[in-house]
Amino acid sequence: MTAVSSTDSGTEEIRLSILGMSCAGCVSAVEGALSGVDGVTAVNVNFADHSALVKGHADPEQLTRAVREAGYDAAVMEGFEDPEEQEALEHERYRQLLKKAAVAGVFGLPLMFAGQLGWLPHIGSEAGAWFWPQVALITLGILVYSGWHFYSGAVKALLLGQANMDTLIALGTGSAWFYSCVIIDYSDTLPSLARHAYFEASVIILAFINLGTALETRARGKTSSAIRQLIGLQPRTARVIRNGEELDVPIEEVGLGETLRVRPGEKIPVDGVVIDGHSTVDESMLTGEPLPVEKVEGSEVAAGTMNQKGSFLFRATHIGRDTALAQIIHSVRQAQGSKPAIAKLADRISAVFVPAVVVVSILTFLMWLAFGPEPALGYAFVTSMTVLVIACPCALGLATPISVMVAVGRAAQSGILIRNGEALQTAGKLTCVILDKTGTVTEGKPTVSTIDAAEGYDQDTVLQLAASIESGSEHPLASAILAAAEERQLQILKADKFEAVAGHGVLARIDDHQVCFGNAALMAEQEIACQDYQEKLQALAKQGQTPMLLAVDGQVAGIVAVSDPIKKDSAEAIARLQEQGVRVLMVTGDNEVTARAIAKQAGITEIRAQVLPQAKAEVVRQLQQQGEFVGMVGDGINDAPALAQADVGMAIGTGTDVAIESADIVIMQGSLAKVPEAIALSKLTLTNIKQNLFGAFIYNALSIPIAAGLLYPVFGILLNPMIAGAAMAMSSVTVVSNANRLRWIPINGREQ
């Protein structure tokens with residue numbers, strides 16, 4: 001796959017790696033820069049893996065230049081990016097943020113405690129004249145080291161006419177440091193109440209924000225791992241037959257129409273049609289079904305699926321980016337890139353809040369300079385700086401990540417792994433949840449569910465004969481039957497003259513008896529009467545079971561049925577989801593009869609059966625277009641595109657690594673019971689975040705007018721910067737305390 005590829009519509013797709021994006025607000029800036037390039041028709045920037053997919057007919061050099069002019073960096077991706085390298089970069093960023101938080105905290109916290117205990121020299125004293133300039137220089141170095149990414153982000157936002165959390169952080173910490181420098185240099189000209197430095201506040205703010213950003217980065221997870229797992233499914237080489245010789249060639253050199261051989265235990269390299277041979281193939285990555293599928297001449301096979309014991313020849317029908325596996329990879333990428341970013345409520349507030357604070361600060365300075373008592377300049381500076389100090393974004397910056405961190409920890413204790421904060425916030429808004437069937441609603445492990453013995457036989461004898469004949473079979477259900485016989489400690493009898501009838505069943509002689517085991521078609525072929533069992537066979541099929549007939553010496557001896565039972569808590573979990581007002585659908589690649597049987601047992605009224613991977617993602621997309629907030633719960637690779645497309649993707653932890661890496665939330669246990677709990681926790685967390693944001697904002701909204709001197713003309717009250725600092729600290733304490741309530745609120749998945 002090249003960096004520039006053509007789509008079905010004739011337009012080109014160019015993938016770019018974007019460097020320098022520090023928050024979701026950067027996405028719009030990069031999209032705007034790329035959209036302005038001639039020839040670009042569509043742009044999707046994926047903040048999760050810092051990439052951009054550009055459609056149209058644009059010059060790659062112009063695209064990278066446009067991104068650089070916007071203050072970021074870009075490079076054209078050649079082929080598939082290296083996910084391990086991307087993961088290493090994310091880990092390095094996490095480590096660097098922790099270091100920046102530690103450096104700021106190690107200096108800021110002792111300085112704060114020393115100040116509170118009165119151990120620091122007074123500003124203006126002989127000792128202070130030496131001490132405080134040293135503190136100013138040290139804190140300046142810390143601001144540069146621990147906060148440079150915030151300051152550069154604020155500058156980028158300013159150049160684009162925007163205001164975000166970087167703007168608030170840069171404004172709060174920068175004004176506190178600058179104000180403190182003015183205090184130590186001009187303490188004699190300022191009122192006595194103003195002689196207090198805020199160096200420790202500026203660095204402690206950076207410590208908290210960096211720590212929160214680091215934890216958010218870690219919680220966001222390794223999104224690129226999903227792509228790496230999917231790419232790893234395709235073998236690197238294929239065995240082709242050319243001029244009568246079998247040759248191992250790189251997968252890229254396989255051509256359409258070529259004949260390939262697949263040996264036992266090998267992955268199928270490309271899509272094709274079997275032309276000779278017989279085997280069973282594990283297609284769980286494609287269909288999600290745990291049972292291997294028999295393949296005979298004329299059967300279709302898909303790239304990435306795993307051949308079992310047989311060997312066969314097939315003709316290549318789809319290669320490269322046209323294989324089913326390549327389409328799944330493309331679907332995951334498209335869904336990840338097009339997923340709408342959830343705008344942070346704090347960013348929306350700051351977009352108005354920051355300019356308003358600056359305007360109020362300037363007006364405060366001018367008003368005091370024009371009408372204030374002497375020294376007017378001193379009062380003007382103190383009040384304007386106090387406005388900025390009390391508007392410090394510490395609490396506003398902590399409001400969301402603190403709640404998310406507490407909730408994520410609480411969820412982990414309950415066996416719910418939340419991989420990013422946005423998913424936690426969005427899960428509570430879900431109006432519809434799509435459930436995969438196999439491994440999600442059901443156990444995902446076929447077991448013997450029914451043994452019906454005919455007259456003259458008992459269940460153990462029927463199962464013993466079935467297991468004995470299946471011991472030499474590659475039949476997809478053989479393992480379930482053998483496991484049931486082992487559980488009952490039944491002896492496996494020797495089977496002679498074994499014969500497999502593709503698609504029908506197996507024949508053999510056991511203890512001088514002719515034994516047949518398979519479907520009704522096999523019985524008809526062997527001229528064995530089984531009409532009396534048709535109703536029973538149909539009834540078992542409607543219950544979601546796969547029934548097979550056992551015949552001995554031309555007479556039906558019994559029925560053995562295998563099924564994939566629903567998990568013991570699936571029905572209760574689905575009932576809880578419905579109590580929460582969530583619409584529940586089951587979407588599966590299985591047939592309609594089995595799907596309806598399982599849905600009935602689980603209490604699900606809406607189903608979509610025989611749905612392939614790309615179509616699952618399309619079902620999600622259609623529901624989203626109808627205005628639904630959609631959650632997808634699955635456990636298979638086939639669910640990866642739908643998990644990525646959904647507003648919230650939830651993977652059952654017993655599923656595949658690809659499903660887990662494609663999901664926003666991972667249920668560590670193989671149980672649906674945690675899904676309604678995750679939704680309930682999300683609702684509580686979203687409420688908690690709104691409370692925090694309101695608390696943080698209300699402190700500023702009420703304190704800023706007082707800081708500006710609104711009460712001074714009537715009451716003679718002027719807010720001491722120390723009180724401003726206390727109010728700032730109190731808002732942070734309030735936010736943290738409120739967030740910690742999430743640790744104790746009971747969450748059981750029912751409406752609170």
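Odds and ends about this structure:
- Exactly one residue among ILE138, ILE142 is over 30 Å from the mean Cα position of the chain (by Cα), open to solvent by 50 Å² or more (accessible area, probe 1.4 Å) and among the β-branched types (Val, Ile, Thr), and that residue is ILE138.
- Yes/no for SER361 being among the hydroxyl-bearing types (Ser, Thr, Tyr), modelled with pLDDT of 75 or more and surrounded by 19 or more Cβ atoms within 10 Å (Cβ to Cβ): yes
- Identity of the residue in segment 234-254, among the hydrophobic types (A, V, I, L, M, F, W, C) and surrounded by fewer than 18 Cβ atoms within 10 Å (Cβ to Cβ), that ends up modelled with the lowest pLDDT: ILE251
- When we screen VAL433, VAL448 for residues that are modelled with pLDDT of 90 or more, under 37 Å from the mean Cα position of the chain (by Cα) and within 30 Å of SER311 (Cβ to Cβ), the only hit is VAL448.
- All positions within segment 16-51 that are modelled with pLDDT of 85 or more, among the small types (Gly, Ala, Ser) and open to solvent by less than 30 Å² (accessible area, probe 1.4 Å): ALA33
- Residues within segment 690-701 that are open to solvent by less than 10 Å² (accessible area, probe 1.4 Å) and at pLDDT 80 or above, tallied: 1
- Checked against the criteria, GLY558 does not count as part of a loop (DSSP other than H, G, I, E, B) and in contact (Cβ under 8 Å) with a residue 60 or more places away in the chain.
- Residue list for segment 421-450, restricted to those being more than 17 Å from VAL611 (Cα to Cα) and charged (D, E, K, R): GLU422, LYS429, GLU443, LYS445
- Entry remark, segment 529-567: residues being crowded, with 20+ Cβ neighbours inside 10 Å, small (Gly, Ala, Ser) and at pLDDT below 90 number 2 in total.
- Selection status of ALA597, touching a Ser or Thr at 6+ places or on another chain (Cβ under 8 Å), open to solvent by less than 20 Å² (accessible area, probe 1.4 Å) and in contact (Cβ under 8 Å) with a residue 24 or more places away in the chain: no
- Condition met for PRO713 (more than 14 Å from ALA399 (Cβ to Cβ), part of a helix (DSSP H, G or I), open to solvent by 60 Å² or more (accessible area, probe 1.4 Å) and at pLDDT 65 or above): yes
- Residues satisfying the stated conditions in segment 618-639, i.e. in contact with a Leu (Cβ under 7 Å, 6 or more places away or on another chain) and of a type in the set (Gly, Ala, Ser): GLY631, GLY634
- Residues of segment 241-260 that are in contact with a Ser or Thr (Cβ under 7 Å, 6 or more places away or on another chain) and under 12 Å from LEU313 (Cα atoms): ILE241 alone.
- Sole exception among (1) modelled with pLDDT under 90; (2) open to solvent by less than 40 Å² (accessible area, probe 1.4 Å) for GLN116, by number: (2)
The values are calculated or read from the model by the stated rules, or taken from the named source; none is laboratory data. Quantities reported herein were computed from a predicted structural model and do not represent experimental measurements. Using ideal geometry, Cβ is built from the backbone for each residue, glycine included, and neighbour counts are taken over all protein chains shown. Heavy atoms of the whole protein, side chains included, go into the accessibility calculation; ligands, DNA and RNA do not. Shrake-Rupley method; radii C 1.70, N 1.55, O 1.52, S 1.80 Å.
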